[in-house]
Amino acid sequence: MESSVGTRIKRLRKDLGLTQGDLAGDQLSRAMLSLIERDLTTPSLRTIEYLSYKLGVSVGDLLGEIKDASMPLTTADDIQKGLNICQTLFKVKKYSEAESRLNELVNIKSVHFPNKWLAYKLLGRIHQKMDQHESALTHFKESLSYLSSTDTNEIVEVYYYITLSNRKLDKYKEGIVAALKASALINTYHAEVDCLLEINILYNLALCYCRIKEFQKGLDVVDDAMAIMEKNDIKFSNGHFYMLKGIAELYMRKYAAGFLSTRSAIDYFDPVVDTHRYIGSRINLGILLRKQNKAVQSLEELHACLDEAEKLNFTAHAVNNYYELSLSYLYIDNIELAEHYIQLGIERSERKSHLQAQCHYALGKVLMKKTEHQSAIKEFNKSESIFNTHKNDSWLALVKSEKAICYKSLDDHQQSFDNLLESNRLLLSNDLKLISTELPIMS
């Protein structure tokens, strides 16, 4: 028997490896918890209930005798307490500790189905947070086997996490399937799913559609999400939706609409909180201005973005700006500056990255303008090598089509024919269209 409630709380907290801030959470101040643990104030019953839940014990345990923490979980009450502890550990980002406890818990034969569903879902979320998405998918799928057809809300939630992990693994078609299943459950059973969860599902569905170049479907989903937000009078990730909408419209050559959507995204993003997306949207705006033959304004926007990216040491954004600036200068036949910026892009880009491959490609285009076709082919070959590694057939087709032009200019008609034939083969075998170099990287 321990002498006080405060002593018991402190001991349990330390056994779990939690700080006072971790345990206090958002319903109790750290200062108040410190007073409770030092027995300088008596907690209310409501506070006791809150702390018992977070510590994974009963109110009685806090008010009386604590069971030995080393004893194995056996009763339903013990198992529920164990789950409560794991949820607390997850919330305070102690993922390894939570995972260890959950692995023990799911192997207990007496664990009921609802608890096993929750345990596997929590394991999936832990692996998701640790960027172990294949493992996360395994746990999420396992959690579905412990749910009945009437657990609509829980199934929808798991499908959302499955969509998210598939998206992170670039398995966009699998992500679409999971998101559509979630949407079907919401619409068919009229489930009272949290509105923000439904919007998150739709955002990931729209993004997956755009990733596989199904831009109209992506736009339709964005419109559905925005209608839900308007109906419920909420603003949630509006900037993300407008940014995605603007990119889709750019790919579909709806430049005026894309410009308006991208401007809306910029207005919604906080330059301090959403800095990466704010700068990314401004880069997209620079592209849209170029596509509308407003080269001077395009260059002004891109240079402003570059200054911002350099100031914040955002290397990826800076390299992206070099690439786009090169294309804009190439657009107005300022070959010297086009070459200058794309050389900077190659120097600063991550080695063997997709963006570095694009920079080599752009340098090849610059050298073609200078009629230095042998040098251009060397750059295209570097680009092709990297795109081969990334298995990006649409870009490979584009590079080979440009090499065909170079070889033709050098009167090497066999090489020209071979590259053009390979470019067409890639496009036909993958049902692709030749992409434009003036389109942004989907991010």
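The values are calculated or read from the model by the stated rules, or taken from the named source; none is laboratory data. Note that the structure is a prediction, hence the values are computed from the model and not measured. So basically every Cβ, Gly included, is an ideal-geometry build from the backbone, and we count neighbours across all protein chains shown.
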**Request:** Looking at (1) under 25 Å from Val92 (Cα atoms); (2) touching a helix residue (DSSP H, G or I) at 6+ places or on another chain (Cβ under 6 Å); (3) not in a helix (DSSP H, G or I), find the lone condition where Asp131 falls short.
**Result:** (2)
**Prompt:** Is it the case that His240 is in a helix (DSSP H, G or I) and surrounded by fewer than 17 Cβ atoms within 10 Å (Cβ to Cβ)?
**Reply:** no
**Item:** Set Ser423, Ser383, Ser394, Ser349: member being among the polar types (S, T, N, Q), without any contact (Cβ under 8 Å) to a residue 60 or more places away in the chain and in contact with a His (Cβ under 7 Å, 6 or more places away or on another chain)
**Value:** Ser383
**Request:** Check Val106, Val158 and return the single one that is over 28 Å from the mean Cα position of the chain (by Cα), buried (at least 16 other Cβ atoms within 10 Å of the Cβ) and hydrophobic (A, V, I, L, M, F, W, C).
**Result:** Val106
**Message:** Please pick out the residue among Leu367, Leu363, Leu337 that is among the hydrophobic types (A, V, I, L, M, F, W, C), assigned to a helix (DSSP H, G or I), crowded, with 23+ Cβ neighbours inside 10 Å and more than 22 Å from the chain's Cα centre (by Cα).
**Reply:** Leu363
**Request:** Among the residues of the range 81-103, count how many are farther than 23 Å from Ser135 by Cβ, modelled with pLDDT of 80 or more and buried (at least 19 other Cβ atoms within 10 Å of the Cβ).
**Result:** 0
**Fill in**
Result of the Cβ filter at 7 Å on the range 79-101, keeping first residues that are at negative phi and partners that are in a helix (DSSP H, G or I) and of a type in the set (Phe, Trp, Tyr), at least 6 apart or interchain, is Asn84/Tyr53; Ala98/Phe90
**Complete:** Within the range 46-59, the residues that are touching a helix residue (DSSP H, G or I) at 6+ places or on another chain (Cβ under 8 Å) and either not in a helix (DSSP H, G or I) or not aromatic (Phe, Trp, Tyr) (or both) are Thr47, Ile48, Glu49, Leu51, Ser52, Lys54, Leu55, Gly56, Val57, Ser58, Val59
**Long-range neighbours under 9 Å by Cβ, at least six apart or interchain, first residue more than 15 Å from Arg8 (Cα to Cα) within the range 30-48, second among the hydroxyl-bearing types (Ser, Thr, Tyr) and exposed (fewer than 15 other Cβ atoms within 10 Å of the Cβ)** = Arg30/Thr19; Met32/Thr41
**Asked** So which of Phe259, Phe269 ends up being modelled with pLDDT under 95 and surrounded by 17 or more Cβ atoms within 10 Å (Cβ to Cβ)?
**Response** Phe269
**Request:** Select from the range 397-420 the residues that are in a helix (DSSP H, G or I) and either in contact with a strand residue (DSSP E or B) (Cβ under 7 Å, 6 or more places away or on another chain) or in contact (Cβ under 8 Å) with a residue 24 or more places away in the chain (or both) and list them in ascending order.
**Result:** Ala397, Leu398, Val399, Lys400, Ser401, Glu402, Lys403, Ile405, Cys406, Tyr407, Ser409
**Prompt:** Restricting attention to the range 121-155, and to residues there that are under 14 Å from Asn103 (Cβ atoms) and in contact with a His (Cβ under 6 Å, 6 or more places away or on another chain), which single residue is surrounded by the fewest Cβ atoms within 10 Å (Cβ to Cβ)?
**Reply:** Ser135
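To keep it simple, each residue is scored yes or no on (1) within 27 Å of Ser264 (Cβ to Cβ); (2) part of a helix (DSSP H, G or I).
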position	(1), (2)
Val156	no, yes
Tyr160	yes, yes
Ile176	yes, yes
Asn204	yes, yes
Lys217	yes, yes
Asp220	yes, yes
Met229	yes, yes
Asp233	yes, no
Phe236	yes, no
**Request:** Go through the range 124-138 and give me each residue that's over 15 Å from the mean Cα position of the chain (by Cα) and under 15 Å from Gln87 (Cβ atoms).
**Result:** Gly124, Ile126
**Prompt:** Any idea which of Lys168, Lys116 is basic (Lys, Arg) and either over 19 Å from Ile85 (Cβ atoms) or at pLDDT 90 or above (or both)?
**Reply:** Lys168
**Asked** Does Leu35 fit the bill of being assigned to a helix (DSSP H, G or I), among the hydrophobic types (A, V, I, L, M, F, W, C) and either loosely packed, with under 13 Cβ neighbours inside 10 Å or modelled with pLDDT of 80 or more (or both)?
**Response** yes
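Quick grid of which residues meet (1) surrounded by 14 or more Cβ atoms within 10 Å (Cβ to Cβ); (2) at pLDDT below 95; (3) more than 21 Å from Gly239 (Cα to Cα); (4) not charged (D, E, K, R):
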| position | (1), (2), (3), (4) |
| --- | --- |
| Arg290 | yes, yes, yes, no |
| Leu299 | yes, no, yes, yes |
| Ala309 | yes, yes, no, yes |
| Phe314 | yes, yes, no, yes |
**Prompt:** Taking the stated definitions as given, is Lys10 surrounded by 13 or more Cβ atoms within 10 Å (Cβ to Cβ) and either among the β-branched types (Val, Ile, Thr) or within 18 Å of Arg101 (Cα to Cα) (or both)?
**Reply:** no
**Asked** Considering the range 366-396 alone, what residues qualify as being among the aromatic types (Phe, Trp, Tyr) and closer than 17 Å to Tyr407 by Cβ?
**Response** Phe380
**Request:** State all residues of the range 200-242 that are within 14 Å of the chain's Cα centre (by Cα) and hydrophobic (A, V, I, L, M, F, W, C); if no residue qualifies, say none.
**Result:** Ile201, Leu202, Leu205, Ala206, Leu207, Cys208, Cys210, Phe241
